[in-house]
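Notes to accompany the following structure.
Where a number appears in this text, it was derived from the coordinates with a stated rule and is not lab data. Source: prediction; values computed, not measured. Glycine gets a Cβ as well: all are built from the backbone with ideal geometry, and neighbour counts include every protein chain shown.
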Amino acid sequence: MKLHGVSFSPFVQRVLFAARAKGIPLEIAPVGGPQLQTPEFAAISPMRRIPVLEEADGWTLCESRTIIAYLDATRPGPSLMPADPRIAARARLIAGLVDTEVAAGMRHFVIQKLFGMAANQGALDYGARQLALGLDAIERIGLDAAGWAVGDTPTVADAALIPFLTLGEFIAEATDELPPIAGRKTIDAYWNRAKAMPLGAQTYQEMRDGFAAVMQARKESA
């Protein structure tokens with residue numbers, strides 16, 4: 001079983017985090033850039049997005065949330081959803097806010113400030129507001145005061161939060177216009193804990209190393 005993608009993608013890392021939490025070995029098959037636009041890749045990922053999971057028999061599945069749900073349903077190991085329905089609902093809610101607000105808002109900073117692919121201040125301002133709304137909502141919903149985001153074990157909430165908080169931190173360090181990711185007591189405390197735990201630290205370091213390599217390569221080719 002392998003995962004098509006790149007190590008610095010927060011969506012790829014989301015799946016890797018979930019797989020590691022369950023004890024599932026996943027090989028990364030690097031794919032990115034122009035390869036995403038080929039008919040061959042569109043055949044396994046209709047939106048031409050990474051990651052794509054490929055089983056040993058060649059069967060494929062795209063979209064990180066769907067891949068995580070599939071792995072959780074088909075593989076042994078700790079569940080990524082809490083047994084208590086209300087706690088599970090909170091985990092899903094947090095993961096959903098990361099998708100609809102945090103990731104969507106941060107995308108504008110990646111495109112404009114990290115990779116310089118566009119220049120649209122209005123879109124950047126909108127992204128900052130969207131990101132702040134999502135993080136403010138997660139702060140109000142609340143993360144547990146110790147350990148993981150929700151419950152005693154890693155869940156879909158952690159798989160969503162850790163990669164995007166890592167991305168936000170990297171953007172803040174690498175650009176002159178900071179996405180507003182810090183300054184929320186509950187999230188800040190969680191983030192400090194998550195980076196110190198082996199599973200969270202692995203995601204954090206792999207993403208940072210991957211982005212640093214990409215940025216260096218872009219700098220050398222400029």
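Summary table below
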read-out: Fraction of beta bridges assigned by DSSP in the chain that are antiparallel (%, nearest 5); value: 60 percent
read-out: DSSP beta bridge pairing in the range 2-74, given as percent antiparallel to the nearest 5; value: 60 percent
read-out: Euclidean distance of C-alpha centroids, the range 1-78 and the range 160-200, integer Å; value: 23 Å
read-out: Candidates 101, 40, 139: whichever shows maximal mean-square fluctuation once the chain is modelled as a Gaussian network with Cα springs under 10 Å; value: 40
read-out: Residue with peak Gaussian network fluctuation, the chain [Cα springs, cutoff 10 Å], from 125, 99, 57; value: 57
read-out: Net dipole in debye of the chain [+1 Lys, Arg Cβ; -1 Asp, Glu Cβ; about Cα centre; nearest 20]; value: 200 debye
read-out: Mean separation of Cα contacts under 8 Å (6+ apart) over length of the chain, as relative contact order %; value: 23 percent
read-out: Sequence of 22, 113, 219 once ranked by neighbouring C-beta atoms within 10 Å, starting from the fewest; value: 219, 22, 113
read-out: Highest average packing first - 26-37, 152-163, Cβ atoms within 10 Å; value: 152-163, 26-37
